[in-house]
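Reviewing the structure listed below.
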Amino acid sequence: MQANLLCLFAILSLVFHTAGNTNELAAEAIAKAMASVENARARAEADPSKPVFHITAPANWINDPNGAVFHGGYYHIFYQHNPYGDKWGHMHWGHVRSRDLVKWERLPIALWPSLEAGEEHVFSGCATTNALGQPLVFYTSIKKGKSATDFAEQWAAIGDPGLITWQKHPANPVLAETLHGSTKVYDWRDPFVFHHQGRTLMVLGGNLNRAKGGQAVVTLYEATNQELTKWKYQGVLFTHPDTKVNNIECPNFFPLNGKFVLVVSPHGKVEYFVGDFDARNHSFKWDKRGLIDGSSTYYAPNCMLDPQGRRIMWGWLRGFKEGLGWNGCLSLPRILKIDAEGNLFQSPAPELSNLRTNEMPLGEIPLESGTNSVTGDTAHTIEFSAELECVNPKGFVLRVIRHASPKDAINFTAEELEITPGTNRLRAFVDRSVVEVFANDRKCVSRILPGFGAPELLVITRDGNASLRNMVLWQMGSIW
Ligand code: FRU
């Protein structure tokens, strides 16, 4: 009896000691990572090209938005983050939240690689809550010494009720490659959970048959317990129709206006496919496709459903100059909709108008053939709104330059924006070095504006015969 108790005590103290150690190691890892960001912060924030109304990391590297979720009265966004430098590496999850999509609050780093468990990177993923009310994130865990192409596991972490502190789930890995039986899924990553007809399902990206060039796929899984720690493989949901696409990252799959939408990041421009999901047969039949953004500056988006039933999506904006102590930002929140024909519409969240100050009505100008100056030099953070009236959109270009160095120019073409003859609504957001243009609340294009100095908007038309009406310019405030 005595011996048994001693044995039990020894086991219990070992368990608690180990748990204590794990928590301490986590706290240490986060404190170290945050100290590194803090060190880099003053320099990053002093950089005049760092955006102020797009979500950024305080300093150093940011890539994909992760775990977008509305929880406890807040919009939460996590993001891929390297706290140790302004290049990709040491993947952690940074964290911000907002009550209103206008002002955002920075929170402690949420997820860290558990080096002691052999974990090297905490890759992209999603957030949800299980039937026991536990907030969960799912993410791809990359092991030290293994190539992410050949080996990956899907891990979970449990959050406190405010989603501030996280503990790695004792059941990890919650999905392992053995689920696929004899099928080998390469680059298996980026879990996205959705709920449908009382079932909890997950999609992941990757590719099959890599030796033969790779077949880009989205695979489907279903939770078989309430904790969401056990999953069943339900097969390939989607194979990319273009054979030159050989991998898919960051799939998002969700119902929208009576249809299902699949968003994929195929190492190029982000695409969407609209169709019908048959949950019984685990099949997705799509009949419409298009681009989420006309430029590959935008990548790896993640979306959430908010309490108003809106599907809101953020992407990673990439391609900034290196060596500035910060790199990358997230796009503005975009609200997605589908019309009766299955066409996707995107518009900036209306809450963004709360950031407007110094309204400047610019009226109307006729457009000559050639280059037309529209705004003159502007503030560094602006929103521009106008109606473009045109007979023939061919040759139309919205150009953004640096007023003092017009060589630093970026163009948004009629084709990218799908400008049509007649009236077109245009909105352009310039946030120091980032520009996002929305046309007709349907098409979006994001680009990085090189150089420094005051931006200016120009319009080029081939044959004139066009005008800009109801032009308004606002200065935009900071989200922090
Ligand atoms: C997309 C991506 C994801 C991966 C993450 C790593 O940009 O490559 O597939 O999880 O970034 O940072």
- Message: If I filter the range 197-208 for residues that are within 21 Å of H76 (Cβ to Cβ) and among the hydrophobic types (A, V, I, L, M, F, W, C), do I get at least one hit?
- Response: yes
- Note on the structure: Scanning the range 51-97 for residues that are open to solvent by 10 Å² or more (accessible area, probe 1.4 Å), away from the ligand (no atom under 13 Å from the Cβ) and in a loop (DSSP other than H, G, I, E, B) gives V52, P58, G72, G73, Y84, G85, D86
- L291 versus (1) open to solvent by less than 10 Å² (accessible area, probe 1.4 Å); (2) on the phi < 0 side of the Ramachandran plot: which is the lone unmet condition? (1)
- Residue tally, condition open to solvent by 60 Å² or more (accessible area, probe 1.4 Å) and within 14 Å of the ligand (Cβ to nearest atom), over the range 179-230: 0
- Query: Looking at (1) surrounded by 15 or more Cβ atoms within 10 Å (Cβ to Cβ); (2) touching a residue at least 60 places away in the same chain (Cβ under 8 Å); (3) assigned by TED's automatic domain parsing to the domain that holds L449, which is the only condition S373 fails?
  - Reply: (1)
- Task: Among the numbered conditions (1) more than 22 Å from the chain's Cα centre (by Cα); (2) free of Cβ contacts under 8 Å to residues at least 24 places away in the same chain; (3) not in a strand (DSSP E or B), tell me where E227 comes up short.
- Result: (2)
- Query: Condition test on A127, is it under 25 Å from R311 (Cβ atoms) and either modelled with pLDDT of 95 or more or touching a Lys or Arg at 6+ places or on another chain (Cβ under 6 Å) (or both)?
  - Reply: yes
- Item | Among the residues listed as R189, R199, R210, the single one being among the charged types (D, E, K, R) and either within 23 Å of the chain's Cα centre (by Cα) or not assigned by TED's automatic domain parsing to the domain that holds F253 (or both) | R189
- Task: Among the numbered conditions (1) in a strand (DSSP E or B); (2) at negative phi; (3) in contact with a strand residue (DSSP E or B) (Cβ under 7 Å, 6 or more places away or on another chain); (4) open to solvent by 20 Å² or more (accessible area, probe 1.4 Å), tell me where A379 comes up short.
- Result: (1)
- Item | Meets criteria (more than 28 Å from F452 (Cα to Cα) and not in a strand (DSSP E or B)) for G342 | yes
- Scanning the range 436-480 for residues that are modelled with pLDDT of 95 or more and of a type in the set (F, W, Y) gives F438, W474, W480
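May I ask you to say which residue of E389, E416 is open to solvent by 20 Å² or more (accessible area, probe 1.4 Å), in the same structural domain as N470 (by TED's automatic domain parsing) and assigned to a strand (DSSP E or B)?
On the way: E416 fails: assigned to a strand (DSSP E or B).
When all the criteria are applied, what remains is E389.
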- Query: What are the residues in the range 448-472 that are open to solvent by less than 10 Å² (accessible area, probe 1.4 Å) and of a type in the set (A, V, I, L, M, F, W, C), if any?
  - Reply: L449, L457, V459, L468, M471
- Task: Kindly provide the set of residues from the range 218-234 that are over 21 Å from A68 (Cα atoms) and in contact with a His (Cβ under 6 Å, 6 or more places away or on another chain), ordered by number.
- Result: Y233, Q234
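Give me the residue from the range 300-347 that is aromatic (F, W, Y) and either surrounded by 22 or more Cβ atoms within 10 Å (Cβ to Cβ) or free of Cβ contacts under 8 Å to residues at least 40 places away in the same chain (or both) and, out of that set, farthest from the ligand (Cβ to nearest atom).
Going residue by residue through the range 300-347, those that are aromatic (F, W, Y) are 314, 316, 320, 326, 345.
Right, trim to either surrounded by 22 or more Cβ atoms within 10 Å (Cβ to Cβ) or free of Cβ contacts under 8 Å to residues at least 40 places away in the same chain (or both) and you get 314, 316, 326.
Values: W314: 13, W316: 6, W326: 16 Å.
Of everything passing the filter in the range 300-347, W326 is farthest from the ligand (Cβ to nearest atom).
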- Mind counting the residues in the range 419-447 that are open to solvent by 20 Å² or more (accessible area, probe 1.4 Å), assigned to a strand (DSSP E or B) and under 19 Å from I292 (Cα atoms)? 4
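The values are calculated or read from the model by the stated rules, or taken from the named source; none is laboratory data. In this text the structure is predicted, and so the values were computed from the model without any measurement. Cβ atoms come from the backbone with ideal geometry, glycine included; neighbour counts cover every protein chain shown. Please note that ligands, DNA and RNA were not included when accessible areas were found on the heavy atoms of the full protein model with its side chains. Shrake-Rupley method; radii C 1.70, N 1.55, O 1.52, S 1.80 Å.
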